[in-house]
Each structure stands twice: as C-alpha cells, then as structure tokens.
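Following: one structure in structure tokens, then a few remarks.
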Amino acid sequence: MNFYYKKIADGSIAVDDTVLVKGVPAAAGSHILEGFTPLFSAEAVTRLENKGYVISGKTNVGEFGLDLAGEFSYYAPAESEIKGAAAEAVKSGEVNAALAVDVNGAARRAAALSDVCFLKPTYGTVSRYGIISTAASGEQLGVYASCPEGISEIMSVISGHDEKDGTSLKNESYDYGCDKELSGKRICIVKELYQKADASVKAEIDAFAASAKKKGVSVSEISTDIFETANVAYQILMCAESCNNLSRYDGVKFGYRAESYKNIDELYVNSRTEGFNFLTKAVILYGSDVLSKNRYKDCYDKSLRVRRVVMNEMKKLFESFDAVIAPVCSLSAYGAYDIKDAFKKVFDESEFTALANLIGLPALACGKVQIIGDHFSESTLLSLAKEDK
C-alpha cells in the first residue's frame, strides 16, 4: 500500500485517505490503521456516486492530516519538496476534483503549493459521516479543483443535511455560484499575516488585490491580532480532541497490533508506540496535558471561551467587509525537515489557517491567496476567486 495516488477505477474524482470508500483500504497515512478496510463509504462519496460520478482512487495524506501538507505519511517516502497528493493529482489532470479533510490547514497549504484551489466550506454544510475523525469541532470535508467552477460543481452535490452526522446543519442546499456581482464588495488584507509571508506569496496577494480593484471591489488593509489568538486557542482544542479521538486506536479492534506484549497494558502501549509517528504522539501528549485536572480550566476551558470571543470579533469585522484576504502559508515552497521539528512548524504556519477551523468559517485557497468569508458566503468567495483566475 505504498502509494501517492492509487487508482482504483476509471473516474474523475479522487478522495484522500481519511475519506472512506467501501472495500478500499483507508489508513489516514498512519501505521496504526494499516489493514483497515471500511464496510461503508462516506456520505459525500455516496452522494457523488448516486449522481454518476466515479471515484477514481485514493490519495495519500500525512498521518491524520496533522502535518504541513502531507509530508509525514507512513506509506510514502519523504521527498525533498513537500507536495500534497490530492492537490498534485488535480494539478496534473489525473482527476477533475478531489475530496479532502481540512483538520489543521494542511489541505489549504497543499493547494497553495500546487497552485490549485481548495474550499474548506462552512462547518456543518458537508457531512462528516464516513471520515476518519481527528478534531471533530474544527475539521471539515472540502474540495480540490483547478478552478472555482470545479469546486462549485462538486460542492453542489456533496453539501446538504445528513441525519447520520450530528454536526450537520438542517439546510438541504447552499449557494455555490461563481457569478456573484462583485462591484461594491469590500475586502481587507490582514497586515500582520501579509508581512509574515515571503516575496512570492506577497506578489500573489498584490496581484489578487489589483485584479479585484479592477472589478469594482474596495480593498483595504487592516491590523489585527485575532488570527494569532485564534491559532493558540485552536491548537489547544485540536490537540485535546485529537487525544480523545485517537484513543480508539489501541491494537485490539482493528488496524495495527504490536507483535510483542505480555499483557493488555503492554498491548496498548506497544501498539501505539509503534503505530503513531512522532508528530501524532506530540499532539496526543499535549492534548492529554491540556485536558488534565490541573490544566483543564486554564487551557481547554479558556480556549472554548476564546472561541466565542473570536466569533464575535469576526462578526464585527464582517459588518464592514465581505471577505478577508490573507496568505495561505508563509512560504511558496517547503523543503524537507525533521519530524521532531514538526509540532512547532505546524503551529507557526497554522496562524494563517486556524481561525477558519476554530469558528467554522468558509476559507478558499486559490494558489497562495486565501479568501475567508462569513458563514455561508461561499458564493462570494468563489466569485472573487473566479475573477482572479
């Protein structure tokens, strides 16, 4: 199962390896899930197949989507330049679109590195039923495509209420049109994030802003520390939820089991020690720490309250602006690095992406440009991106 993009049929849609397809191995890039084959498909996959789409294959992911862009998978060797498998499959034309789960911004960063588009939609608008869950309150299934129109097509099929998902919103359909009138719209560029990006990323944002102005969009610069605040809160919540969700992988029920153990405790310890990589272990340990009796109130509980503060601040911001523009990542390319540095690297890069996960906002990455809007504003984001592409 050593794959980058593993073809399973002649079709036009790929799904990443955290999305279940009945009868096809799913491991979320982790040794701990080696050998797991699901008995059912994700709701999004079922909806696509019911509309006549064919799932063409599975794309590799970094273990549980916790890394920068897919670099730390058990099933693919590390490369000198980091790329996301699903994003590359779309870029190469092997598939027209791909489904992926955005847990901590990795899917958006992969889109930026491969110069394709990825939409993380409003939380609850696409069913999470049938994905390998890591951080349930922030992760969201989204779509890769080469252009906004491609995203619009797939989102219109997979979105809408699903009674099997307790986080699914009640609406049956949403607007993913790409032809919204842009004249008079107002967007803002976050100064602090813009300044942290390299020259290539800044150039793409500048070009996007210039193009938007030609279409009658007002472009302003704002200064705010809300993205930094949101990142700290989300990393705490994400690690806590990951600690809880990943506890199910114990070497007993399914997936990898250590060969050497003397009792049930050693089975758990050895299976998890051998099955998880260093980054996943770091996330679990930190999550366990912030959930502990001595730290719960100061860390986890406070982060929940910060989530509400961030929500209120963004609501105020969207009273003045229709969208927020920011880099997707600080660099135009990532080189290989030691996994022991991953926790800090992912934390730093997540400052650009974590806010959307924290409060469930839609975020569209098109190349290095990230467009974040208020809840259910996907049509505006896609229209802005279409004008730019």
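The values are calculated or read from the model by the stated rules, or taken from the named source; none is laboratory data. Note that the coordinates shown come from a computational prediction; the quantities given were computed from them, not determined experimentally. Glycine also receives a Cβ, built like all others from the backbone with ideal geometry; neighbour counts cover every protein chain displayed.
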Out of all the residues in the range 178-190, is one or more of a type in the set (D, E, K, R), at pLDDT 95 or above, over 21 Å from the mean Cα position of the chain (by Cα) and not in a loop (DSSP other than H, G, I, E, B)? yes
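Please verify whether Gly335 is in contact with a His (Cβ under 6 Å, 6 or more places away or on another chain) and not β-branched (Val, Ile, Thr), treating the condition exactly as stated. Don't jump to the end; show me each part of the working.
Values: in contact with a His (Cβ under 6 Å, 6 or more places away or on another chain): no; not β-branched (Val, Ile, Thr): yes.
In short, no.
Check Ala203, Ala197 and return the single one that is among the hydrophobic types (A, V, I, L, M, F, W, C), more than 21 Å from Leu361 (Cα to Cα) and in a helix (DSSP H, G or I).
On inspection, the qualifying residue turns out to be Ala203.
Any chance you could count how many residues in the range 269-288 are hydroxyl-bearing (Ser, Thr, Tyr) and within 20 Å of Ala136 (Cβ to Cβ)?
Narrowing the range 269-288 to residues hydroxyl-bearing (Ser, Thr, Tyr): 271, 273, 280, 286, 288.
Next cut, within 20 Å of Ala136 (Cβ to Cβ) only: 280, 286, 288.
The qualifying residues number 3.
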Gly23 meets each of (1) within 21 Å of Asp165 (Cα to Cα); (2) out of contact with any Gly (no Cβ under 7 Å at 6 or more places or on another chain) with one exception, condition (1)
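Determine which member of the set Val269, Val252, Val219, Val201 is surrounded by fewer than 19 Cβ atoms within 10 Å (Cβ to Cβ), β-branched (Val, Ile, Thr), in contact (Cβ under 8 Å) with a residue 24 or more places away in the chain and at negative phi. If you could, list the steps in order and put the result at the bottom.
Numbers: Val269 fails: in contact (Cβ under 8 Å) with a residue 24 or more places away in the chain; Val252 fails: in contact (Cβ under 8 Å) with a residue 24 or more places away in the chain; Val201 fails: surrounded by fewer than 19 Cβ atoms within 10 Å (Cβ to Cβ).
Only one candidate qualifies: Val219.
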Elements of type strands (runs of 3 or more DSSP E) in the range 3-65, at least 1 residues being within 20 Å of the chain's Cα centre (by Cα) and either crowded, with 24+ Cβ neighbours inside 10 Å or modelled with pLDDT of 95 or more (or both): 13-16, 55-59
Out of (1) part of a loop (DSSP other than H, G, I, E, B); (2) within 24 Å of Ile154 (Cα to Cα); (3) of a type outside the set (Lys, Arg), the one Leu331 does not meet is (2)
More than 30 Å from Gly255 (Cβ to Cβ) and of a type in the set (A, V, I, L, M): does that describe Val190? yes
I'd like the full set of residues that are hydrophobic (A, V, I, L, M, F, W, C) and under 18 Å from His161 (Cα atoms), limited to the range 120-142. Val126, Ile131, Ala136, Leu141
The correct count of residues that are surrounded by 18 or more Cβ atoms within 10 Å (Cβ to Cβ) and more than 30 Å from Thr46 (Cβ to Cβ) in the range 161-181 is 0
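Within the range 325-351, can you find the residues that are of a type in the set (Val, Ile, Thr) and over 15 Å from Gln195 (Cα atoms)?
Taking the range 325-351 and keeping what is of a type in the set (Val, Ile, Thr), we get 325, 328, 339, 346.
Ile339, Val346 - these are the residues of the range 325-351 that are of a type in the set (Val, Ile, Thr) and over 15 Å from Gln195 (Cα atoms).
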Which one of these does Ser211 not meet: (1) closer than 24 Å to Gly367 by Cβ; (2) within 23 Å of the chain's Cα centre (by Cα)? (2)
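Considering only residues of the range 275-318 that are of a type in the set (Phe, Trp, Tyr) and either touching a helix residue (DSSP H, G or I) at 6+ places or on another chain (Cβ under 7 Å) or under 23 Å from Phe343 (Cα atoms) (or both), which is surrounded by the most Cβ atoms within 10 Å (Cβ to Cβ)? Steps first, please.
If we filter the range 275-318 for residues that are of a type in the set (Phe, Trp, Tyr), which is where we start, we get 276, 278, 286, 296, 300, 318.
After this cut, where a residue has to be either touching a helix residue (DSSP H, G or I) at 6+ places or on another chain (Cβ under 7 Å) or under 23 Å from Phe343 (Cα atoms) (or both) as well, the list is 276, 278, 286, 296, 300.
On the way: Phe276: 22, Phe278: 15, Tyr286: 19, Tyr296: 14, Tyr300: 20.
Only one residue fits best here, namely Phe276.
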Just checking: which of the strands (runs of 3 or more DSSP E) contained wholly in the range 70-172 hold 2 or more residues that are under 18 Å from Phe376 (Cα atoms) and either touching a helix residue (DSSP H, G or I) at 6+ places or on another chain (Cβ under 9 Å) or touching a residue at least 24 places away in the same chain (Cβ under 8 Å) (or both)? 117-120, 140-145
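Across the range 54-87, what is the total count of residues that are farther than 26 Å from Leu331 by Cα and in contact with a Gly (Cβ under 7 Å, 6 or more places away or on another chain)?
In the first step, residues of the range 54-87 are kept if they are farther than 26 Å from Leu331 by Cα; the result is 54-58.
If we keep only those that are in contact with a Gly (Cβ under 7 Å, 6 or more places away or on another chain) as well, we get 54-56.
Number satisfying all stated conditions: 3.
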